[in-house]
Amino acid sequence: LFAFSTMCLALSIVRVFASATPTFLFLNWNLFLAFIPWAASSALLLYPKLQQKKWAVVSVLGVWLLFFPNAPYILTDLFHLKYSALTMPLWFDLVLILSFAWVGLMFGFMSLWDIEKILKSYVSQSRLKRFFSAGLAIPVVSSFLLFIGSFGIYLGRYLRWNSWDIIAEPFALIYDIGDRFINPFAHPQTWGVTLFMGLFLNVVYWSLRLVKYRKD
């Protein structure tokens with residue numbers, strides 16, 4: 001992932017020199033935000049002692065949930081293609097954005113795999129062991145988290161909220177979210193984006209899982 005991220009950085013720098021414009025340099029910031037949930041989940045796995053402290057687990061999972069939507073969010077940067085066609089060939093910008101989007105997705109999906117491992121570890125020590133042993137509950141949780149991620153994509157792309165706004169402007173953010181749950185029919189775009197982006201993320205995620213566990 002470090003190598004892929006470096007490649008993306010190099011592509012964005014090539015574009016700056018070739019076009020004499022910094023149009024897509026912001027993708028590097030978006031990719032850094034996608035890196036955060038992976039770093040958070042990896043910390044719990046690399047330092048097992050943290051998993052024994054509930055406050056640490058809750059804090060890290062909270063950070064993960066806040067930043068997780070940033071991983072698939074880069075897909076929506078494809079919207080910017082129409083603005084840049086005059087400065088670089090469209091095919092180059094397409095490859096550039098898709099490269100960033102794919103690496104962002106990998107950060108997100110790998111962090112979700114980490115979360116699954118952590119959940120399985122907790123479940124194996126809890127009273128819910130029998131329920132989760134059926135192998136259905138963890139996948140359901142993962143699918144649900146992907147839909148939460150797609151809802152976060154909507155908040156970021158269309159309402160322009162950022163992950164840290166939960167601290168900077170919590171009441172305005174809570175109001176926007178609450179209004180969409182209280183008056184769902186007044187916000188068809190919200191639930192359209194959430195549903196179909198969530199379905200797409202699930203298709204990609206479970207396709208990768210299928211490849212991962214495929215037996216030769």
Gaussian network model of the chain, Cα springs within a sub-10 Å range: biggest mean-square fluctuation belongs to which of L65, L199, L136?
L136
Which of F26, F151, F17 is most accessible, then next, and so on - probe 1.4 Å:
F17, F26, F151
Apportionment of accessible area to carbon and sulfur, region 143-214, percent (1.4 Å)
73 percent
Using a 1.4 angstrom probe, figure out how much accessible area the chain has per residue, in square angstrom, rounded to the nearest whole.
59 Å²
Once you've got the GNM for the chain with C-alpha springs shorter than 10 Å, pick whichever of M197, M110, M88 has the biggest mean-square fluctuation.
M88
GNM top mover of L31, L81, L11 - the chain, alpha-carbon springs below 10 Å
L81
Carbon/sulfur accessible area of region 1-82, % of total, 1.4 Å probe, equals 79 percent
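The values are calculated or read from the model by the stated rules, or taken from the named source; none is laboratory data. Keep in mind the model is a prediction, meaning the values are calculated, not measured. The area values use the complete protein model at the heavy-atom level, side chains included, leaving out ligands, DNA and RNA. Shrake-Rupley method; radii C 1.70, N 1.55, O 1.52, S 1.80 Å.
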